[in-house]
Every structure is written in C-alpha cells, then in structure tokens.
Amino acid sequence: MKIVKQNNQSLKEVVDFLNSGGVVICPTDTVYGFLADLSNKKAVKKIYKIKNRLRSKPLPVFVKDVRMAKSLAEISDNQEKIIKKYWPGKYTFILKSKNCNSKTKNTIALRIPDHKFLNDLLKKINKPLAQTSVNISDCPPLTKIDKIIKIFGSMPGLDLIINAGNLPKREPSKIIDLTSECLTRLR
C-alpha cells in the first residue's frame, strides 16, 4: 500500500492504480472515499471486503458528467433538469439502471462530486468509479488522515491512499430517489 499527496503529479498514479484493479482512498467534497473501477468486479469486491459491507448494499457511483450518467441510467428530461440543478455537488441520485446485474435491484446511485482533484481524476480515467465513504460499515465516515492510515493502511486489498490532510467534518451527500413521480429524500 502506498500513500501519496493530493496533487497533479499523483493524478496519473491514481489512474494507473484504478486501471490495474486497485482500490484507492481519495478525498471528496464530503468525506474520504474508497474508489474502484466500476467495471472491474474484483476491485469492487475488494471494497466490500475492506469495508465489511454487505453485498446486498450496492455501491454508489461517481460519474464525470451527465452523458456518462445516461450510459448507466435511464434519465428522463425532467430528471435531467433536476440533476443538472444540483451537479456537481453533494447530491446522489437514485435512478433506474440500464444494466441491471441483480434480480432485485434495478436502480443505481450516481453523483458528480464538486471536488477539483476528483473531477480531474474522473475526466482522466473516463469511466465510472464505484465509491463509498471510508469507514467500516455502520461506523461514522472518517475525515482524519492519521486515523484512516492507522485503520486501513495495512489492510489487504487497499492499494493507495491519497493524503489531502484532515478534512473538515461534513455531512455525507444527500440521497434523492428519482425513480418515482415524487422526489424522496433517503438521507
């Protein structure tokens, strides 16, 4: 496992780790998050294992733009207006998935973050990234880099930590369900 400072030089290294099936801890506009290439099932499984997360709880996905979101989800004109109003930002939207891998779940949670390094990463890698907050499931998200390194630094399956220092205490993204006629805030 490697630790790098958040800067333009580390961007290529992060892309290389993600493209090779790695799991990365990265700062976001809310908290630190685990990232993996959504199309790499082994990498996504690593996040579940590291986090001790139930496989029945799908991971949200970061996308670089609305066009990428539309490649993963069915988005109506009305939904697109809502999404464009709040993206980039701290809003995760639940939408109907175009690629239903599960017999029970036909939705996907998507977000465009408002974080320069992460947005640059999404543009450079040009693929959706599975993501979730850095914590053990059912524990509060972590924002202190020393604690993250202490807990996850020697964790098998974790390949890279991007050190942006301690993050201010912030709320996780709001989760809005757009799959029905009524907007429903889930968190």
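Within the range 2-185, DSSP assigns beta bridges of which about 60% are antiparallel (rounded to the nearest 5). Separation of the range 123-162 from the range 79-93 is 24 Å, based on Cα centroids. Estimated from the Cβ-Cβ distance and a Förster radius of 41 angstrom, the FRET efficiency linking GLU13 and ASN106 is about 0.70. In the range 2-185, with Lys and Arg counted as +1 and Asp and Glu as -1 at Cβ, which of these residues, PHE117, GLN131, SER173, has the Cα nearest the positive end of the dipole, that is, farthest along it? Positive-most Cα among the choices belongs to GLN131. For LEU11, neighbours were defined as the other residues whose beta-carbon sits under 13 Å from its Cβ, and their charges (Lys and Arg +1, Asp and Glu -1) total +2. Between THR132 and PHE34, the built amide H atoms are under 5 Å apart, and every one of these is 5 or more places off in sequence or on another chain.
Residues in the range 58-75 carry Karplus couplings, in order, of x, 8, x, 10, 8, 10, 7, 7, 5, 4, 5, 4, 5, 6, 9, 9, 7, 10 Hz; the curve used is 6.51 cos²θ - 1.76 cosθ + 1.60 with θ = phi - 60°, and Gly or Pro positions show x. Could you tell me which of GLN6, ILE149, VAL31 has its Cα farthest along the dipole of the range 1-155 towards the positive end, charges placed at Cβ (Lys, Arg +1; Asp, Glu -1), taken about the Cα centre? Highest projection toward the positive end goes to ILE149.
Scattering from the range 1-121 was approximated by placing one identical point on each alpha carbon and applying the Debye formula without solvent; log10 I(q)/I(0) at 0.10 1/Å stands at -0.32. Near GLY89, once Lys and Arg are set to +1 and Asp and Glu to -1 for all other residues with Cβ below 11 Å from its Cβ, the sum equals +3.
Here the Gaussian network model covers the chain, with springs between Cα atoms less than 10 Å apart; of LYS98, LYS150, LYS90, LYS150 fluctuates the most.
With the helix formula -39500 (n - 2.57) applied to DSSP H stretches of n ≥ 4, the chain reaches a computed 222 nm mean residue ellipticity of -9000 deg cm²/dmol.
Each reported figure results from applying straightforward, stated rules to the coordinates on display, with no laboratory input. What you see is a predicted model, and the numbers here were worked out from it, not measured in a lab. Neighbour counts are summed over all protein chains in view; Cβ atoms, including those assigned to glycine, are modelled from backbone coordinates with ideal geometry.
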